[in-house]
Amino acid sequence: VQVSLNDIVMIFAYAPIVAFLLGISDIIVPWETLLLSVVLYVVIPLIAGYLTRVYLLRQGSEVIQLTEKLKPWTIIGLLLTVILLFGFQGETIIAQPVVILLIAIPLIIQSLGVSAIAYTWAYFWRVPIEIAGPVALIGSSNFFELAVAVAISLFGLESGAALATVVGVLVEVPIMLFIVYLVNGTRNWFTWEKAHV
């Protein structure tokens with residue numbers, strides 16, 4: 001539900017927000033490109049996921065079983081994506097370490113900060129760990145998959161815009177893994193769940 005709501009917000013908010021922010025800095029981005037990116041990377045996967053779930057439930061199949069079968073492939077896909085992105089921008093990343101740090105440090109602070117606020121808020125609201133954990137992860141997500149697609153389609157693979165989004169992906173993945181580690185390490189803080197069982 002959280003991921004679905006997150007995607008629905010992205011469908012309606014991503015293109016207007018990006019257009020507004022780029023408009024402030026006088027970068028012209030065609031609306032068609034923004035809308036196409038949202039359709040390809042959010043709308044189609046969301047609909048495909050929904051239809052797959054409905055189909056599995058009608059067949060009496062466990063959705064969790066399919067998730068478990070796909071898990072190794074999704075991890076391989078994520079790793080291949082990161083490797084390919086790094087490969088295209090590898091020389092630039094090695095040649096400009098200071099620029100990379102100037103991009104990465106604010107992203108790290110922002111991602112960890114938003115996650116900490118979301119996770120702390122969930123704790124004080126006495127939300128179950130099964131919800132608090134994804135809340136923290138969604139807080140650390142910056143939708144770089146959309147940003148990479150827009151940057152590459154508009155400015156090319158070797159552009160500064162593509163570099164910034166690639167650094168975003170390279171920063172986001174370790175941060176999310178770190179948040180998973182923290183959530184697993186602090187799940188005993190959510191002791192009120194046991195009291196209600």
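A few comments on the model shown:
- Apolar share of the accessible surface for the stretch 89-190: 75 percent from carbon plus sulfur atoms, 1.4 Å probe.
- Relative contact order computed over the stretch 89-190 (Cα-Cα under 8 Å; 6+ residues apart), in percent: 35
- Global geometry of the stretch 14-112, whether rounded, prolate or oblate, following the gyration tensor of its Cα atoms and the 1.5 cut on a/c: oblate
- The stretch 58-148: GluC sites (Glu not before Pro) in DSSP coil with no more than 12 other Cβ atoms inside 10 Å: 62
- Solvent-accessible surface of the stretch 89-190, averaged per residue with a 1.4 angstrom probe and all protein chains in place: 54 square angstrom.
- Listed values [x] 148; [y] 123; [z] 111, entry calculated as volume of the Cα convex hull per residue in Å³: [x]
The values are calculated or read from the model by the stated rules, or taken from the named source; none is laboratory data. Model, not experiment: these values are computed from the prediction. Reconstructed Cβ throughout: ideal geometry from the backbone, glycine too, with neighbour counts over all protein chains shown. Please note that ligands, DNA and RNA were not included when accessible areas were found on the heavy atoms of the full protein model with its side chains. Shrake-Rupley method; radii C 1.70, N 1.55, O 1.52, S 1.80 Å.
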